[in-house]
1. Can you find even one residue in segment 285-296 that is part of a helix (DSSP H, G or I) and either modelled with pLDDT of 95 or more or among the β-branched types (Val, Ile, Thr) (or both)?
2. Out of everything in segment 241-277 that is in a helix (DSSP H, G or I) and of a type in the set (D, E, K, R), what residue ends up being surrounded by the most Cβ atoms within 10 Å (Cβ to Cβ)?
3. Pick from 408, 451: which is open to solvent by 30 Å² or more (accessible area, probe 1.4 Å), in contact with a Pro (Cβ under 9 Å, 6 or more places away or on another chain) and among the basic types (Lys, Arg)?
4. Report whether or not residue 427 is in contact with a Cys (Cβ under 8 Å, 6 or more places away or on another chain) and open to solvent by less than 30 Å² (accessible area, probe 1.4 Å).
5. Scan segment 114-169 for residues that are modelled with pLDDT under 85, more than 21 Å from the chain's Cα centre (by Cα) and of a type in the set (Lys, Arg) and jot them down.
6. Sort through 506, 464 and tell me the only one that's more than 22 Å from residue 223 (Cα to Cα), buried (at least 17 other Cβ atoms within 10 Å of the Cβ) and modelled with pLDDT under 90.
7. Output the residues belonging to segment 258-308 that are touching a residue at least 60 places away in the same chain (Cβ under 8 Å) and not β-branched (Val, Ile, Thr).
8. Of the residues 60, 74, 78, only one is small (Gly, Ala, Ser), open to solvent by 80 Å² or more (accessible area, probe 1.4 Å) and over 50 Å from the mean Cα position of the chain (by Cα); which?
Amino acid sequence: MHETVAVHIDVDRPEPSTTTLVMALHVLVEAGPDARRAVDRAAALLERLGLLLVDARPAAGRFRMLLAGQEKKARALAAVAEIRSVVDEAEQTGLPELLAQASVDLLRGSSSDIAAWVDFELRSAEYYSLLAGISGRLPDAAAAEGFLPEEIAERVRTQQLDDSHRRVSLRGYQAFGARFVLAQRKVILGDEMGLGKTIQAIAVLAHLAAEGQSHFMVVCPASVLVNWTREIEARSALRVVVLHGPDRHYAFAEWKGRGGVGVTTFDALRGFPAPGGGEVGLLVVDEAHSVKNPKTKRSQSVALWTQRCERSLFMTGTPMENRVVEFRSLVLMLDGGIADSLGERDTLAGSVAFRKAVAPVYLRRNQEDVLTELPSLQQNDEWEELSTSDEEAYREAVRAGNFMAMRRAAYMRPEKSAKLDRLREIVQEAGENGQKAVVFSNFKDVLGVVRTALAAGPTTGTPMFGPLTGGVPAGRRQQIVDDFAGVLGPAVLLAQIQAAGVGLNMQAASVVIICEPQIKPTMEHQAVARAHRMGQVRPVHVHRLLATGGVDERMVKMLEEKTRLFDAYARRSAVAEATPDAVDVSDTELARRIVEEEQARLGMTDGRPTASG
């Protein structure tokens, strides 16, 4: 039990000892990777100085030097000179500043127990990562290394990983993944959804930047372009250049001149000239299964760039080994020799022979193998850039002063909806990994749009239930949930958040999608708690779909600042849990303010229509 059971921190029932632990971890999380870096460099410095200080001891005073023999004197003087050299080197590399900052960060302490608990809920993965490292309870080494053959695993282990341009700590399996990319040069990282493929890619980019590489390219679907930009900015010191939109060719020229991480879409990449050999340090292709058909122009463009780049990283959470033909077309871009060995009849997908054949280019880890000490709840804000069609619908709603129409505008033109595209991708990836998904929205018409889109898209055939709305009798609601849970394999449940957020248990779902931010934060918390509760055996991934630059961004900022700490207190009381309205800001006041601010931002202040909806 002691060796295999990991610590679980229960946010709903915090005990004094658990609070003490969270507050202690909070200090380390706040200090960030620099604290660990400072400790490591201090330990290395201590090791270098240890013997030198012993040899230099006679030089501490004239009397000692007089009593020391000729040999000891010479050794002491040489040690003093070496100590000066070591200290000068440490000063030149900024070690005093690093140690001073780490001392300040570690001595500062937690601001309060509530602040520590709130921060734990926001970035629990970092807390559990630290806890795992401190306790030494790490996942099975072979599983964390994707069961690679020993000769490849050993080469990966010896690969150095520079973290000087990185602002986030890596879990053990993530560090191995980044080293795998560096050691093998052209690979597919196929980790299951939720294991941090983006973080591993950023770690590789940061390492190569530290080695002197200046130009990098990330290619991804338009739906995750904003997420990539924000993640790179937040988790590294690298410069990001968005190569998308009407000014993309100007931005591309600027990227070629100054360098940085260019982030672009599959379609935009086709319009850029392929680089010369060695010009791009790393090509990252996210959702790489999108280019599995070699006959498409986007696949041909990616293939050309891959050929011209010394290092390429393809990323996909889809278990590609179950589709030999599609998998082979991706491997062909990376390593023709390995692709040739993957004949359909020669190698059975998923077999030991298959895994060994693709090991030089393919690494995949599953949640159950490496998330032994992770929390069972991971929350992701999925920021999407509105399409032109979305923007038009949004402007109409703002012009009318209709707050509720502004909130659902991103779904009202489904043929070109950025949020809907991302929702489909999440549901599809969940389905391909055998996971069930719950989709929450405040609006019945949004759920209708989602149902139609999923029924017509690549998830056709996946059982779909709901929508659960206020009009469905209470007894029938639980029956729908039970039917959803009873399906073997993937399924989708659509639910109106106020109708399904209380009283129903949905622990069969391990993916939760919230279509828009809610006015009442407690409504989101209660909805997520339907899936993340006792009996849930897999980590729950919550995806909150948000649009940049409009009502979503304003709501998130207002509610985040005003209600986060208060809500954290309130949710720890049974009274507040029973009366969620008690902790929420005024709906009407918030709506009025957001409508007025958006009308001003978009130059529509003349008519000043009042907020409605």
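The values are calculated or read from the model by the stated rules, or taken from the named source; none is laboratory data. Being a predicted model, the structure only gives us computed values, none of them experimental. Every residue, glycine as well, gets a Cβ built from its backbone with ideal geometry; the counts of neighbours run over all protein chains shown. Surface accessibility is based on the protein's heavy atoms, side chains included, excluding ligands, DNA and RNA. Shrake-Rupley method; radii C 1.70, N 1.55, O 1.52, S 1.80 Å.
1. Looking through segment 285-296, at least one residue is part of a helix (DSSP H, G or I) and either modelled with pLDDT of 95 or more or among the β-branched types (Val, Ile, Thr) (or both).
2. Among residues in segment 241-277 that are in a helix (DSSP H, G or I) and of a type in the set (D, E, K, R), the one surrounded by the most Cβ atoms within 10 Å (Cβ to Cβ) is 248.
3. That would be 451, the only listed residue that is open to solvent by 30 Å² or more (accessible area, probe 1.4 Å), in contact with a Pro (Cβ under 9 Å, 6 or more places away or on another chain) and among the basic types (Lys, Arg).
4. Here the answer is no, as residue 427 does not meet what is asked.
5. 137
6. Of the residues listed, the single one that is more than 22 Å from residue 223 (Cα to Cα), buried (at least 17 other Cβ atoms within 10 Å of the Cβ) and modelled with pLDDT under 90 is 506.
7. Residues of segment 258-308 touching a residue at least 60 places away in the same chain (Cβ under 8 Å): 275, 279-288, 290, 302, 305-306.
Within segment 258-308, 275, 279, 281, 282, 283, 286, 287, 288, 290, 305 qualify.
8. Working: 74 fails: open to solvent by 80 Å² or more (accessible area, probe 1.4 Å); 78 fails: open to solvent by 80 Å² or more (accessible area, probe 1.4 Å).
After applying the criteria, what remains is 60.
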